[in-house]
Amino acid sequence: MTPVDAGHTPAARTEEHEALRSTLRRFLTQRAPSEAIRRSMESDEGHDPLLWRDMAARLGLQAVALPEKYGGLGGGPVELGIVLEELGRILLPSPYFATVALAGQALAACGDDTAKARWLPAIADGSLTGTLALAEESGSWHVEDVTAEAVPGAEGPRVFGTKMFVVDGHSADLILVAARTDTGPGLFAVEGTARGVTRTRLETLDPTRRLARVDLDGAPALRVGPEGDATAYLRTVTDLAAVALAAEQVGGAQACLDAAVAYAKVRVQFGRPIGSFQAVKHKCADMLVKVEAARSAAYHALSAAAAGPDGLPVPAALAAACCADAFTHAAKENIQIHGGIGCTWEHDAHLYLRRAKSSEQLLGSPAAHRRRLAGLVGISAPTATKGRTRGNP
């Protein structure tokens, strides 16, 4: 599977990309209807283990964006984005985002052949789950704010600290932990069941994605990626993660738009479908504009990621802010158009809003990404004025 050329956007999708999307959509339609999604999110595992195995064995989804040398299919961020868009469309509870988009991309980009050979084949065949642990009790996702420490020892590094909001951290086999050393921040691989690791599942807004607190008290670790100050590498990892999340958010936003339009066509009030009323038309039109803008931003960022890390920061920050806003807007408007039924537990509309609001803060808020984007393009933060505080978007 060959990534698209950096000079083309995924909007001009190849036949291979369309085949991947249509095959995956058929598979998910059969295997993950709404009832199955709800069973998975309420289960002890938080996902369907059989579906996870079939995703690897039948479709090779875990391998889609990994190098062929390590058991992957040789794709890249564009192919991964297509998969995540489809998974986000149905809110699939799955270790996929944590394992492939977070841990898998971090390992693939680390430049450490030993680490790649050790873990990527198991990720590719679905036998290993992983995640990335970056944020801490401060809630910041910035590499500069990492306070966890990796201390040298006779048998290798040991990691101390607390990591918050770790996606699927309660069950991941492998946790990639961002921690400080004497020479700067780096990434360290810790086994989920290792001595000194305590994992606590968090009660969160979104029941379809589980987050955990991970306490590390001298947990044995292995260094992954560059030695010394790995700030640049960790920033690339977070940019790749942000772009992957943006693609998933586009899928969720499109699902909300589709549901709203479909309902507006069949719900009748005053003898007419509500979609014929101007106010509802405006809502749907505004949703469409925001979703298409988000898709353009996400696809541009995916192409930038495929081209390499040098041109990634600006598209990544733009996509992260734009796609989070679009998903939240579409999820809210979907509930508005559905009216009372959209507020009930039995209807899926609230699940999309829960995912949208939760993802809005994952890897940094839209405001944080806009501030970063402003700095990257040379726009200074606004000065404090009456009724507005410094740094607010």
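The values are calculated or read from the model by the stated rules, or taken from the named source; none is laboratory data. This structure is a prediction, so every number in the text was calculated from the model and none was measured. Every residue, glycine as well, gets a Cβ built from its backbone with ideal geometry; the counts of neighbours run over all protein chains shown. The accessibility values were calculated without ligands, DNA or RNA, using every heavy atom of the protein model including side chains. Shrake-Rupley method; radii C 1.70, N 1.55, O 1.52, S 1.80 Å.
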Among T193, T131, T183, which is the only one that is among the hydroxyl-bearing types (S, T, Y), over 30 Å from V64 (Cβ atoms) and out of contact with any Cys (no Cβ under 9 Å at 6 or more places or on another chain)? T183
Taking region 260-273 and keeping residues on the phi < 0 side of the Ramachandran plot and surrounded by fewer than 20 Cβ atoms within 10 Å (Cβ to Cβ) leaves V261, A262, A264, K265, V266, R267, V268, Q269, R272, P273
Given the criteria in contact with a Lys or Arg (Cβ under 8 Å, 6 or more places away or on another chain), part of a helix (DSSP H, G or I) and open to solvent by less than 20 Å² (accessible area, probe 1.4 Å), does I123 qualify? no
Within region 241-265, how many residues are in contact with a Pro (Cβ under 7 Å, 6 or more places away or on another chain) and either at pLDDT 95 or above or among the hydrophobic types (A, V, I, L, M, F, W, C) (or both)? 2
Just give me the residues in region 35-70 being over 21 Å from the mean Cα position of the chain (by Cα) and among the small types (G, A, S), in sequence order. A36, S43, A57
Across region 201-231, which residue is most open to solvent (accessible area, probe 1.4 Å) among those that are without any contact (Cβ under 8 Å) to a residue 40 or more places away in the chain and either touching a Cys at 6+ places or on another chain (Cβ under 6 Å) or not in a strand (DSSP E or B) (or both)? E203
Using beta carbons and a limit of 6 Å, which pairs, at least six apart or on different chains, have the first residue in region 263-291 and touching a residue at least 12 places away in the same chain (Cβ under 8 Å) and the second one open to solvent by 80 Å² or more (accessible area, probe 1.4 Å) and not in a strand (DSSP E or B)? I274/R267; G275/K265
If R195 satisfies every condition in (1) out of contact with any helix residue (DSSP H, G or I) (no Cβ under 6 Å at 6 or more places or on another chain); (2) farther than 27 Å from P315 by Cα; (3) buried (at least 23 other Cβ atoms within 10 Å of the Cβ) but one, which is the exception? (3)
Of the residues in region 59-74, how many are open to solvent by less than 40 Å² (accessible area, probe 1.4 Å), under 15 Å from R118 (Cα atoms) and not in a helix (DSSP H, G or I)? 2
Matching helices (runs of 4 or more DSSP H) fully within region 269-375 where at least 2 residues are among the charged types (D, E, K, R) and farther than 25 Å from P93 by Cα: 278-307
Considering region 12-45, residues that are assigned to a loop (DSSP other than H, G, I, E, B) and out of contact with any helix residue (DSSP H, G or I) (no Cβ under 7 Å at 6 or more places or on another chain), and then whichever is farthest from R89 (Cα to Cα), we arrive at D44
